[in-house]
1. Search the stretch A:234-244 for residues being on the phi < 0 side of the Ramachandran plot and open to solvent by less than 60 Å² (accessible area, probe 1.4 Å), and hand back the single one that is farthest from the other protein chains (Cβ to nearest Cβ).
2. Which residue, of A:PRO207, A:PRO275, A:PRO280, is at pLDDT 85 or above, over 20 Å from the mean Cα position of the chain (by Cα), open to solvent by 20 Å² or more (accessible area, probe 1.4 Å) and not hydroxyl-bearing (Ser, Thr, Tyr)?
3. Could you check the stretch B:73-84 and list, in sequence order, the residues that are more than 7 Å from every other protein chain (Cβ to nearest Cβ) and more than 22 Å from B:VAL41 (Cα to Cα)?
4. Looking at the structure I just gave you, is A:ALA196 within 14 Å of another protein chain (Cβ to nearest Cβ), under 24 Å from A:PHE251 (Cα atoms) and in a helix (DSSP H, G or I)?
5. If I go through the stretch A:211-229 residue by residue, how many of them are at the interface with chain B (Cβ under 9 Å from one of its Cβ atoms) and out of contact with any strand residue (DSSP E or B) (no Cβ under 7 Å at 6 or more places or on another chain)?
6. For the stretch B:49-58, what are the residues that are more than 7 Å from chain A (Cβ to nearest Cβ) and crowded, with 18+ Cβ neighbours inside 10 Å?
7. Go through the stretch A:158-195 and count every residue that is over 12 Å from the mean Cα position of the chain (by Cα), closer than 19 Å to A:GLY127 by Cβ and open to solvent by less than 10 Å² (accessible area, probe 1.4 Å).
8. From the list A:LEU264, A:LEU285, which one is buried (at least 18 other Cβ atoms within 10 Å of the Cβ) and modelled with pLDDT under 85?
Amino acid sequence: MLLNAVILILQETLEAAFLISVLAVVCFMQRMKFTWLLCGLLAGTLFASVYAINLQTVSEWFDYVGQEVVNASLQGAMAILMALFFAVLPRPQATLADAAAPSRIRKSSLAMWIAAAIVMLAITREGSEIFLYLGGLVQQEEHVQAVLMGGGLGFGIGLSIGFLLFYGLLGLPPLWSWRAAGCLLALFAGIMLSQAVMQLTQADWLPATQPIWDSSAWLSEHTVLGQLLYALLGFEATPSRWFVLAYLLGFAVVIAVIAWRRPLQVIGENQAGGPESCGPLLSRL
Amino acid sequence: MKRRLLLSLVLCALMVDAWAATPEIEIEIKDHLFYPDVVIVPAETKVKLRIRNLDPTPEEFESYELNREKVIAGHSETVVFIGPLVAGEYPFFGEFFPKTAQGKVVVE
C-alpha cells in the first residue's frame, strides 16, 4: 500500500509539477511576479476539493459520462489558454521607457492571469484524484499510516523533480532556456488536446478508431520509463489516429503562436535569465 | 415541414436503435476485486461496461491496452465504453488497489 501510494501521488504530482516548473521559467524570464502561481495553486486546490467531493454527481451527468466531459473540457481549455498565453506575452522591451509603458504592463498582467488559470485547471484535474484517493483511504484505519506516508513521499519527490526542472532549465543559456520551455509548453498543449480526445472517445462522444501503431513490445506503459514519458510527454503505446492528430495540432498551434510573437530569440539575446539571476526569485515569491 | 418532422423522427429512431444496439456488460468491484475478472466481448463491436463499485473506497478503472481510465467513487456506478477491438487480451486493473483489483477483457 505504501509503494502504491508513493507511485500514485508521484504520478499526479509530476504532471502538475512539470507544467508549473516550465511555466514558471517563462514567467521568471519575463520578469513577472509570482502572484499568479500562488493564486493558481490556491484556486486549483479549492476547485479540486469541490470536484472530488462532487465526483459522483458529476459522473452521472450525460448518462454516466460527465467525468469524461468535464475532464476533456478542462484539458481542452488548458490547451487553448496555453496558445493565448504566448499570444499575449509581451514582446521584450527595446528601452526602459517601453518596459514601463501601460500597454506592456497590461499585457504582462493578462499573461500572468492566464498562467494562473492554466495552473488552476491543472491542479483541479490532478488534485481531485489525489483528494479522492486520500479521502477514501484515510477512512480505512489499516491504510491511514501507509497512505499518508507514501502520499507525502510521492508528493515530495514530485515537488523536488519540479524544482530540479525549474533550476535545470534556468541553468541553460538564456536562449536555450526559452526554446526548451517553449517546446515543453507546446508539447503540454498537445498532450492536453490528445487526452481530451481520449476522454471524449471513452465517453463515446467521438468514434473509436484502431491504434495506428503499437510500441508496447519495446516500450510499455507498465514500465517506469513508460510512466515517466507519459507524465512528461503524454506517451501512449497504442495511440489512435485522432489522438496523434490532436497531439500534433496542439503542439503545432502553440509553436506557431510562439514563432508569430518571436519573443524567444530577442529575449534570449537581450535579457539575463541564467542561474546568476535566480537570486531575486525568493523576493518575487 | 411534415417531411422534415418525419426525417427527424427517423433519425431519432436510428440513434435510439444505435444506442440500444451497444451491448452492455456489468462488472462489480467488491473487496478490491473485479467480478467477473474476465470479461468476454465480441470482436469489432463497441461495448458499454457498467462498473459498480460496492466498496466504500474509491477505485480507478485503468487499462493501458484499452486506453481507458476512470475514477469511480465508493458505493457508486459508472459507464466506460470500449471497442471496437480486434481479437486479443486487454488487461485492466484498479489503480488504487492494483495488487488485488486485476482483470482482463478477452476479445473473441
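1. A:VAL244
2. The conditions single out A:PRO207.
3. Within the stretch B:73-84, just B:HIS75 meets the criteria.
4. yes
5. Quick first cut of the stretch A:211-229, residues at the interface with chain B (Cβ under 9 Å from one of its Cβ atoms) only: A:211, A:216, A:220-222, A:226.
With the extra rule that they be out of contact with any strand residue (DSSP E or B) (no Cβ under 7 Å at 6 or more places or on another chain), the set shrinks to A:216, A:220-222, A:226.
Qualifying residue count, the stretch A:211-229: 5.
6. B:LEU49, B:ILE51, B:ASN53, B:ASP55, listed by residue number.
7. Residues flagged as over 12 Å from the mean Cα position of the chain (by Cα), closer than 19 Å to A:GLY127 by Cβ and open to solvent by less than 10 Å² (accessible area, probe 1.4 Å) within the stretch A:158-195 amount to 1.
8. Values: A:LEU285 fails: buried (at least 18 other Cβ atoms within 10 Å of the Cβ).
So the residue among A:LEU264, A:LEU285 that is buried (at least 18 other Cβ atoms within 10 Å of the Cβ) and modelled with pLDDT under 85 is A:LEU264.
The values are calculated or read from the model by the stated rules, or taken from the named source; none is laboratory data. What you see is a predicted model; the values in this text were computed from it and never measured. No Cβ is skipped: glycine too gets one built from the backbone with ideal geometry, and neighbour counts run over all protein chains shown. These area figures cover heavy atoms from the full protein model, side chains too; ligands, DNA and RNA do not enter into them. Shrake-Rupley method; radii C 1.70, N 1.55, O 1.52, S 1.80 Å.
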